[in-house]
Each structure stands twice: as structure tokens, then as C-alpha cells.
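Readers should treat all values here as calculations from the given coordinates under stated rules, not as data from a laboratory. Quick caveat, the model's predicted, so the values are computed rather than measured. All Cβ positions, even for glycine, are placed from backbone atoms using ideal geometry, and neighbour counts span all protein chains on display.
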Amino acid sequence: MVGKTTKKTYLQAFLYLLPALLIIFTFVIYPLIRSFYMSFFTDYNIFKHTGSGFGFVSYVKVLQSETFWKALKNTAIYTAVVVPISIIISLGIAVLLNNKLKGMKIFETLYFLPYITNVIAIGLAFRFIFHSNYGFLNYILTGLGMDPVVWLNDTKYALISLIIFGIWGGLAFKIVVFLAGLQGIDKQYYQAAKVDGASKWTVFRRITLPLLSPMIAYITVISLIGSFKVYVEVVGLFGNAGPADSAMTLVYYIYELFYSSYKPVLAAAASVIMFGIILILTFIQLALNKRNVHY
Amino acid sequence: MDIILKNLSKIFSNKSGEETVAVDKLDIKIPSGKLVGLLGPSGCGKSTTLYMIAGLHEPTEGRIFFGDEDVTEIPAEKRGIGLVFQNYALYPHMTVRQNIAFPLQNSKEFRQSFKADPVKVSEFKEKLTELEGNPEREKVQAEYLEYLEQFKDSRKKYKAEMEKIILETAKIVDIEELLNRKPSQLSGGQQQRVAIARALAKNPKVLLLDEPLSNLDARLRLQTREEIKKIQRRTGITTVFVTHDQEEAMSISDELVVLKDGVLQQVDAPQNMYNSPENAFVAQFLGNPPINTFDVEIKNKEIILNDYSLKNVNLENQTALLAVRPEAFKVVNDGIEVKVYKVEHIGRDKLIGFELNDQKVNALVDADLDLKVGDKVDIDIRSKGYYLFDKEGTRLM
Amino acid sequence: MKKVLALILALTLAFTLAGCGTTNDANPEGVTLQFWHAMSGPNGEALDYLVAKFNEENEYDITIEATYQGGYTDLHQKIVAALTAGETPHIAQAYGNNIAVYMDSDAIVQLDSYIDDRTYGIDDFNDIIEGYRTENSSYQDGHFYSLPFNKSTEVLYYNKTFFEANNLEVPTTWEELETVSKAITAITGKPAFGYDSLSNLFITWTQQNGGKYTDSEENVYFNSEEAIEAVQFFVDGCEEGYFRIAGEDRYLSGPFNNQDVMMFIGSTSGSKYVGADTFEWNSAQVPFGKEEKVIQQGSNMFMLKSTEEEQLATFIFMDFLTQAENTAEWAIRSGYLPVRESARELDIYVEFVASGENPTKDTGTSYEPDWYIFDPIFPDSYDYRMAVQAAVEEAVLGEKTVAQAIQDAYDSVAN
Amino acid sequence: MNNIRKIIVYTLLTIGALIMIFPFFWMITGSIKTYNEIIGNPIVWWPKKIMWENYVIASEYAPFLTYFKNTVIVSFFNTFITLFTTILAAFAFSRLEFKGRDTLFSILLSTLMVPSQMLIITNYVTIVRLDLINTLPALIIPFTASIFYIYMLRQFFNQIPHQLYLAAKVDGCSDWKYMWKIMVPNAKNALITIGLFNWIASWNAYIWPLLVTQSDEKRVLSIGLKYFSGEAGTDFELLMAAGTIVILPLLILYLFARRYIIEGVSRGGIKG
């Protein structure tokens, strides 16, 4: 309320933020700066913290590597599919759950379950569900008279499997947020709309969605970032980057670079690039929100 | 205790740096113990003014005095004010009792008043040491113990006193039976009263109400209006309340302050203000049905409304604005002939509408006149109840 | 390779005319050592057993604290972290190429002087299987920075019941492998044979086919006719449906147990996952091509710099693990093979093998020492492995032609 | 709502629910199957013989009891410290007015985008420097502040009408007191939810815990899952048993906390 910021308010704000900032700086920003710094060396010995040849060599290398572009492409596809689809599905489910019917509480409980999973264990379960011979998914498909799909073994389907897994894993949280949002909407709006004789669809489009937009914005940002960082899911599902690396994602690529093939500099460069990409995406996202979100 | 606003201004500047003057060089004296209405159309800066008095907004310019004390720099909580918000702002998670108790729990003074004053204690201690071996000592000792005695089991006293105050204030706004409810379980009117109780609990020197009635339905509004007046009378606290409803303001306040675009228009008792508005705005803003206004010419000491001379005035030739209260019209045998297009009965009065100089005019005439829509009547203006303003809107007579 | 062989020769010499080498005068008495490993389950128990035995028996009352640090990847990650922070264990387990990476830290101890130490040195060093010695000294400077620890190799697992029922011969050559596989597929209508590790497939078969892979000078030879031919042989089999890869099953033990494949080449260390009550299985030497080559795998143990005393103590423990009887015990209790020739002749081991409890032990130790091949050790050798694995995978999945796939793999690493 | 729609709603929800819980069903049944039943072809729905042994064997692979104890300790402290830092920061970002607030916030927000894999080596070194290696604090401290939760709570705090803040100020309530006495109680559900989320996260974390712990006395449940993957195969049945063991406590905790969750993230938790 008070217009100008006095020293006192600065101090106060600083004190309130101190604990969080301390941790975040020490364990996120500081290492980030380090690897940023590292990324500009041609050669860096992480054991001795010494490097040689300052420049953009590493970035060039990364940008020249086929695998990087493959990883970027896969990650982009993954994000582009998972984010909207999971949002739409979870929104739909949330709307259904928002019906005042018996047993909805039970459904809520069930739908939130995936959130508490341990990706390693559940990833294993998914591996069997996707299995081309004795997997449950194909069991259903053939049951419905469709041809079985070689989910995890075929370069064409590996990414799709990952996407399915990703969507499944991402629904729970979104459903909860949306359901919460829906229940936060004042019933009067609906009654008003009823009086105005609006159709269910119109009500959804013209009232529910706008009033839900802050939630949608929040979720989009969060899951955009999240799905761009997809990694554990890959390991859980394939144990590697999928058939012929067809499910290679950015973080997986970075991880491989760092630990398996010991190219810390390239890994750093790659993650800086990735960081940049997400940063841009998010800012675009936030900018769009400013226009479309009705707080 | 008076409230004095000296040259008080508030300028808001938004992110893009644009500045808007909410309050402009206000000079007002709110007399002690009075119920003062801060009146004006929405956006006239009345709430901002109230918040500055409360200490929630800091003035861009000017000072605020409570009595002789300059409180401009003093934070809200230390000004000893009670504030009631338009939407009550009750703490949703607290019961009514807790809501009322909250300000007390936060007040150091209140808590201190149950503890021995450390200064006094140390004085006693010194004395005692000085008087080592002196017969005087016994006496001081006794005094000291006596003094301490008052503060035995202060906690219990504190609690008791708290409860006592809660009950008293609850009684004033009679919500005793609601003390254990949560705000969500109360009606608008009840919440309103709780909000007032909370404001009164720490018995403030000043009570501030921001549009206290606007969230209530018509009947409740009338009723609460009266209650607020009663409460104010009973407690005698200097009370400022903000409203955009002139009727409301007129009906309860001892003093009226009218603002427009952050600029003070007039300060006066409601009736005086009604009877002698200082400018066109005040004239038009007060009164229901609203005052009728006509553009007139003043030629050789006559008020000319389309070549019909209304009255003689001692003024230079000029164009002016004539404002006539509805009740200032009278039906005569020989005046301006007008055609009645509506007739309404308001209680014992009769409101008629006619066109004069192609503009609709409302007039109150005595009820026993029997008039029908379509009748032609001659009307004239009484000797009181009409005002002349110049083009700027300042009063000519 | 030459350099390495020369060194082996030198060492052999050194040890045959015993007495040279000096004595380390540090005192290892009573030190406690940290040992990081990746052995869990039965292997973990086997290791704990040996550690307990050592703590019990060693005359210097050295105490080993062995702790499981997760799988190889986790262990590797931890060692990298530990080296970065400069707080390391005394001894750890790792693949050669990882150790080559760690050498950047200058915290890895060169073992030569310990190995030929007059008092504490390893007796009859040449008794340790040649391939293992060669591998552990094939670092770029040709010295020993590690010793063989948990070693395994590849064998051909086959469905005994099925082979007998259809009186099939276990294949010993590529040609036989092809004919037998076709025969089996004709019966089952499913792929008959699979290869667990496609990188091993590439490395082994290329060399079985007379080609070369890489050497520790990081020269790349694998974009060769031999390689193409070898991989083509496998890819054809896959296309015609009598060969397959593990793919989604990760390891073929699963399909094998489901009788979806009747034979596969896999690591001896995977034997615990092989077998179902529906049939009997057995193992045989892998089929060979032009040359008899078989890969040796599994990881090694290396020493990290610490005090003279601790280092000596560490070496004493390493020595203990390589002793015939202990490595035999290790082989019996774990999924791995003894590191010494002589261990294979020890009664306990002979009996164990005879018990037929785990046929792979017999097969695994039946290879001639000079058949063994391994990844030359240098930091990037992992990338090479990944590259060739990808190549085979892409070829099998029909992403690229064999020649193309191999060329791409070559380009990706040779620069 | 008419019956046809009811039926549609229920069927849709049921199908969805089945999809959501099937993997759990598969994991839990898997934990009582034999290795070969899990990879059985054709699909084996229910084990011939229920293999409770799997749990016994799995539990012998690692000292799960110690792990459980540690996990509870870690999750507990982690959650409570996180809540504390989150409340403070969220309050500052939603109620305190200071220049550069939004900039700072978006900078922090951008740290969400860092792939954590890139940070852990440096963090490991930090932990060593702090001499915390192989201690429980090493598992707790690095995760005691999360911009993700700060973001979430800020969203919620922003829903609390500003007039409450003014009212409290008039009532002589300091910012600090206002935060604890007004905002926190009103954000109860949000806090419980964040607490639960954080608890789950720290319960399932495994890369970092494995990295900074070196002895069983200091390890947590999720690390236990590591034991079942060897270099030439995985003991599926044991892994699933262990997986079930790890998830079960969360499941129970969740069932207790679930009724708060919806309200927890709900905007306008209180009407303005």
C-alpha cells in the first residue's frame, strides 16, 4: 500500500526471505553459477577445479552433436504433447469430479494416488504393462481386436510410451489443483449463467475457464518446466535412452555426458543451453498469462 | 478530541509513473465527540482520507493532528483508533469473541496495566537500599509489598478484564449471544456489529467507519444507521464515517464534509449545508428528489428564464445557474404555465413533474391540491429554497 | 597393445627371477579401511563373507569396512563426487574406463611397486589370468592402476530340455548358430537366439571375424569389412526372425525362462536369473567365427591415495582377494569367476563345478586364456561402446543400413 | 442431473480410476508373484502361490527398519523446516512491498528450470565442506527451501483479502504476528498440502541421498530399491515388494491428509 520502499521495509523483506534465499543460493544458484563458469572452458578437470582454454568451444561442440538435437527434439515433442494433453485430461476429470454425486470423494482419492508413487518402482510396473508380448496394454488392444504395438522396442513408439507414462504421472497433481480451482468458483456465477440461459458448454467456456485461468497458468508454467526436465521417467521405463536412443531427452543427455562419458564441460554447456531454452519458454508463457489470465 | 487535517494531500503513482491526485490540500477540523460524515461521489477521495486518518496511507503532504498531537508519523496501531471496513474484514478463523479480543491482546498498554511498573519497582528497591537500617524502611517496605499486592495473579485479572470488556462491547452492539460463532455463521448486519465491537474494544479515541452500511439491505441499513448513532452518542467517541449516500449522511451525522475529486467542497451541519450550499455541486449532491437547475440570464437585476422574469436580484448582468429545490415551487394562479406530466405521492407530499424551458422539473406541492397528469398549472418560486451560481459554480446568492 | 605385451613380458621376467623389487617399510598394523562396492544380494553376501574372513585372519589386524554404494552408475557417481571433494575411500570397485577417468584426479595409486614388493607383493602374479593382467595394465602409461576383482565372461545359455527333445546340437560356430537357429524357429515360430549385450556382440564378433575394435591409444579400427559382415550376420538373422535382441526385456534371461528364445549369449554373472521349473538349461562356450575370441567383463578394484600405512594395508587386502583360495570362494558364492588359473584346480572349486549347480562356472573357466578380449582402457572407451551398441541397435531396428550405422558410429567417436 | 449423464460420468470416472490405479495393482500383485510369473507369457493375473517370502527376502537385502527410521526423521525435519522458510518467503512475496520484488521472484522461479543433476556434484562438495557427509542433515538441509512451494503458497496468500491486513494493522498487530496469527491459520489447508507434497518428495528422493550417505546407518528407504538391480538383471519380484514397502506408509499418510488437499490448493479458501 505504502508507495515508497523505506530502508526498514527492505530490511524486513530481507529478513523474511533470508532463510529461503540462503538455502536456494547455496544449493541452487551457486552450483548453477559454477557450472555456467565451467561451461566456458575447453577442458576442465572437475577433480582439481582447474580448466584450460576459455571460450565457446563446448557450446559449439554441443550444438554440433547429433545426439543433442535428437534429445532436444524429443524433449520438445514430449513437452509439446504432455503439457496440453495432461492439462486437458486433468481438467476434464476435475470437471467430472466436481459433480455433486455420491462417491466422488473416493474417486478423488484414487486419482491422486499416482502422486505418491516412487518412479523407480512404478516405472518397472509400466515396463511390464507396455511389454509387447505379455504387457497389459497390448492385452487390451488385442482384446479390442486391434493389433498389438511394440511399445518399448520400436523407435516409433518409444517416445509415445514415454509420453503416456509422463501424462499418467502428471495427472494427479493437476487434477487436484483444477478441482480445487473449480470448487473455489462462486456458485452465483453459474446460477447467473443459468438465468441467462447459457448452455453447459458456454458456461464452461465463458465462465469456468476464465475463472480457472490462474490455475491453468500456474499449472502450465510448472508442468512446462517439469516436462522439459524429464529424466527419471526415461530411466524408469527403459533403463537407457530407449531403442536406438529414440527416447533420449535433454536431461538424460546431460546426465550421460557428465557421468558416463565424463564430459563435464559439455554437460555444463548443454545444461546452460537447456536452462536458457526453458527460461525463454517460461517468460513467453508468463507474458501470455499477463494477457489472458483473469485474476 | 478534535481531528485536524492540515493541507492534507495524497498522490498515488502507479508502476508506469502516472500520478493521480486522490486528496488535494484538505483542511478540515473534525470537532471532538461528534459524528462526522465524509460524503462524496465514489472516487472523490473520501476513503483515502479516512485511511490517512487511520494511518494506513501515509500522506504525500500535510499533517494530521489528534487534538494538539501531530500523529502524521505515528503508525496506525499507536493512534488509538478503531476502524470498521466496508466488508468488515473479520478474521475468518476466529470466533466473534476472539475477533473482539484480538486488538486487546495486541495492546502492550493493556497487558502492562496488569504488571507492576518496572520503573516504580526499581524506585522502591533503591529507596529500600538507601534506607538500610533506617526505621523509615519498614514503612516503605510495607508500601512496596502493598504495591506488589495489586498485581498478584495478574494473569487471572488480565483474563477477567478482557472478558469484561468483550461482554461490555458485545452488549453495546448487542451481539452477546453470538460470541462463540464464527464470522461465516453470521448475517451481514451481525458481522457489521461485530466489526464495530472489535473497533470499540480497545476503547479508541477515534472511531472510523468506511462505508459501514453499503453491504446491508435497505431495512437493515436504516436500523444499523440508528444503532451507529446510538453507539456514538453512548460512547461519545469522535466518529468519522465515509459514505456516498447523501440521505444516510444527512440523517445521522452532526457534521458533514463533502468532497469532490479530492477537493473539499463544504463543511457544515447537514441542515445548514442543505439550506445554504456553497456551490452548485453541493446543492446538486444533497437533497432527494434532487434540486432542479436552469441556465438563466441576469439582465438589469432580473433573473430571466427564457424571457420570463422570475425574480429580482441585486446582481450584475451575466449568465448564471439557477438551482431550485423541489419544495421551493408553489402553485399560483398567475405564474409560469406548465403542463404536468407526472404526479406521485410521497407520504404526505405530492411530487409533480412538469417541463419548464424543455427540461424536466420536479416539484413538491401540498397534497390537498388535486392535480392530474395533463393538467395545466401556473407555478412560481418561493422566496426561499433557490440559489444562483456563476459559471464556475460558486454561489452568487 | 604391443607396449602392454612388452610390459607383461617384463613383469613375467621380473617375477620368475624372484627377489628383485624392494620392501615397503610402512607399517600397516591396525588401520581401518573404507571399501566402496556395487555388490548387492548374493554377491554382496559373498563379499561380506570374504571381508569378514580377512578382518578375522589378517595378521596386521587391518579392518575393512565394506559398504554397498548402489549400482555401478551410482558407485561411479559417488567416486567422482568423492574425488571432487577430496574425501575418498581407500579402495573401490570400478570399470577400467572409469578408473581412467579418475586418474585425472591424481588420486589413483599406481600398483606396480606394490605388486612386486618383496614382502607384500603378489606371489606368482602370472597365475592371474593373462587377459585380466593385460586389461588392468592397459592404461595409457601401461602401468597397473587396478587389479581384477569381480570378473565374468559370456557363455551360450541353451534350453537343454528343448535341444534334447528335438535332438539339436549346441552350435559352436556362426554357421551352426545360423542353421540351428533356423531349425528351432521352424519348430517354435519364434526367434531362437538372442544376444544380451549388443556392444559385446559388436566387439566380440568383429574380432571373431578377424577385425579389430580399438586400442588404448584410442585408435579406432571398427569401420571395417569384418565388422560390417559380423553385424550383417546378426541383422539378417533378426530380419528373418531367428535372431533377436533383448530390447524391452533388457536381458534375455526373461524370454529364455518363458521359452520365447531357446538360447542366448549372456554374462555368466546373470546366471542367477536364468532357469524356470518348466525346463532344464545348460551353458556352453559361445560359438566362434574365424577366430576364437570371447569378451571378459566385470569390474576391477583400485586404490586411492592416502597415507603410506593405509595404502599398504589396502594392498594387503587386494592381495588377499586375488589369492587362489579366496577368489575361488568368491567365485563359488558370487556370480563371478576366479581370477587365477590355479583357483580352478582347487578342490573346493572343482567340487563346486562338479556339483553342476551352476554350469556357467564350468563354461566360464573353460576358455583358453588367450581367447580373452576386453575394452582397451581410456576415458572415452565408454562412448565407443555406446556408439557401436547404437550402431547394432539401429541396424537391427532398420533405422540405418549396417554399413551406414557403423560409419556413423565411427564418425561420432573418431575425431 | 439426469440418469444418463450420471451413468456417463460414473463410467468415465471408473475407467479413468482403473487406469490410474492399475500400475499399483500390478506392482502389488507383482510383489507376491515369482520372478517368472511377473514376466509370465501369457499374462499372469494372480500368483499360483502367494509369495510372501518375497517380502522376507527383500527385507533381508537391506536394513529396511533403519532406513524407515531415517526416512521418517528426514522427511519430518525437511517438511517442517521447508514449511517455515516457505511461509516466510511467501509472505514477503505476497504482502511486503519492496522494489524489485517481482524481479527477485521471477529469478527464483527460473531456478526451477535448472536440471538438478547438474548441481549435485557441486552440492556434494558443499556438503563435504560443511562436514555433513554421511549425516542425516545432509539429506535434509539442501531441500529446506523450495520456490515451487513458495510459488504455491504465495498464490494462496494472495487470495487473503488485503483489508484483513489493514484491520490487523489497526488492531496493533505486527507483520510477524499477522503472518502467524492470521495468514497461517487461514492457509492451514494449503500448508498441510504443501507439507504432504514435500513429505512425499523427500520420501521418494534417492539420487541425492545415495550420493551423500555412505553407511547403512544413515540411509533411507528409497535407496533400498537400488539393491535389486544387478549388472545382468533385476529381481523384479523383490523390487516390487520393496517398492510396495516404500509406498505403503505414504499411502496411509495420504489417506489421513487427503481431505485437506483439495481445499489446500483452492483459491479463495476464504471469501474476500
Taking a crude spin-label model, label points 7 Å out from Cα along the C-beta direction, the B:K156 to C:Q110 distance in nm is 8.8
Quick one: grab the alpha carbon gyration tensor of region C:208-315, order the square roots of its eigenvalues as a ≥ b ≥ c, and give me rounded if a/c is under 1.5, else prolate or oblate depending on whether a/b is larger than b/c.
oblate
Could you tell me which of rounded, prolate or oblate describes region B:274-349, using a ≥ b ≥ c as the square roots of the eigenvalues of the alpha-carbon gyration tensor, with rounded for a/c under 1.5 and, failing that, prolate when a/b is larger than b/c and oblate otherwise?
oblate
Please give the Cα centre distance for region B:32-60 versus region D:88-144, rounded to the nearest Å.
44
So, over other residues within a Cβ distance under 12 Å of C:D236, counting Lys, Arg +1 and Asp, Glu -1, the net charge is -3
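Counting only other residues whose beta carbon sits under 10 Å from that of C:D106, what net charge do I get with K and R as +1, D and E as -1?
Charge balance near C:D106 sits at +1.
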Averaged over residues of A:130-136, the number of beta carbons from other chains lying within 10 Å of each residue's Cβ is 6
On a full-extension model of 0.36 nm per residue, what is the gain between B:S187 and B:K108, subtracting their alpha-carbon distance, rounded to one decimal in nm?
25.2 nm
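How far, in nm, would the chain grow between B:L396 and B:M1 when pulled straight, counting 0.36 nm per residue and subtracting the alpha carbon separation?
The span from B:L396 to B:M1 would gain 138.6 nm if fully extended.
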Between C:S366 and B:V119, how many nm apart are label points set 7 Å from Cα along the C-beta direction?
10.4
Cα Rg, Dmax (largest Cα-Cα span) when computed across the protein assembly as shown, Å:
43.1, 151
Vicinal HN-Hα couplings computed from phi for region A:156-169 (Karplus, 6.51 cos²θ - 1.76 cosθ + 1.60; Hz; Gly/Pro x):
6, 9, 3, 5, 4, 4, 4, 4, 4, 4, x, 4, 3, x
Computed FRET efficiency, Cβ-Cβ of B:E130 and B:K171, R0 51 Å: what is it to the nearest 0.05?
0.55
Restricting to Cα pairs under 8 Å and 6 or more apart, the percent relative contact order of region B:103-258 works out to 19
What FRET efficiency, computed as 1/(1 + (r/R0)^6) with R0 = 45 Å and r the Cβ-Cβ distance, is obtained for B:D380 and B:K29, rounded to the nearest 0.05?
0.65
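Using the Kirkwood formula on the Cα atoms of region B:1-130, what hydrodynamic radius do you get, in angstrom to one decimal?
17.9
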Less than 19 Å from a label point 7 Å out along the Cα-to-Cβ axis of C:Q259: which backbone N atoms in region C:274-297 qualify, by residue?
C:274-283
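If each residue's Cβ is checked for other Cβ atoms within 10 Å, how do D:S116, C:S299 rank with the fewest at the top?
Taking fewest neighbouring Cβ atoms as first place, the list is D:S116, C:S299.
Over region D:62-232, what is the relative contact order in whole percent, taking alpha-carbon pairs under 8 Å and six or more residues apart? List each step's numbers first, then the result.
On the way: 145 pairs, mean separation 78.3, N = 171.
Answer for region D:62-232 is 46 percent.
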re chain C: pairs of Cα atoms spaced beyond 28 Å account for a percent value of 49
Taking other Cβ within 10 Å of each residue's Cβ, how do D:W176, C:W36 sort, fewest first?
D:W176, C:W36
Can you bin every Cα-Cα distance in region D:62-232 into 5 Å intervals starting at zero and give me the percent of pairs per bin, rounded to whole numbers?
1, 8, 15, 17, 16, 14, 11, 8, 5, 3, 1, 0, 0, 0, 0
List the residue ranges in chain D for DSSP H helices whose C-alpha atoms run 27 angstrom or more along the long axis and whose Kyte-Doolittle average is 1.6 or above.
D:236-265
Suppose only helical runs count, i.e. DSSP H with n ≥ 4. What mean residue ellipticity at 222 nm does that imply for chain A under -39500 (n - 2.57) per run, divided by all residues and rounded to the nearest 500 deg cm²/dmol?
-22000 deg cm²/dmol
In the neighborhood of B:E344, defined by Cβ-to-Cβ distances under 15 Å, what is the net charge if each Lys or Arg adds +1 and each Asp or Glu adds -1?
0
Decide, for region A:59-292, between rounded, prolate and oblate: order the square roots of the alpha carbon gyration tensor eigenvalues as a ≥ b ≥ c, take rounded if a/c falls under 1.5, and otherwise choose prolate if a/b is larger than b/c, else oblate.
oblate
To make sure I understand the rule: partners must be lysines, Cα under 24 Å from the Cα of B:K229, and not fewer than 8 residues away in the same chain. Which ones qualify?
B:K29, B:K34, B:K46, B:K164, B:K171, B:K202, B:K205
Please list, in chain and number order, the residues 5+ apart from A:F41 or on another chain whose amide H is under 5 Å from its amide H, with Hs placed from the backbone.
A:G55
Can you tell me the orientation of helix B:218-235 relative to chain B, as the angle in degrees between its alpha-carbon axis and the longest Cα principal axis, to the nearest 10?
50
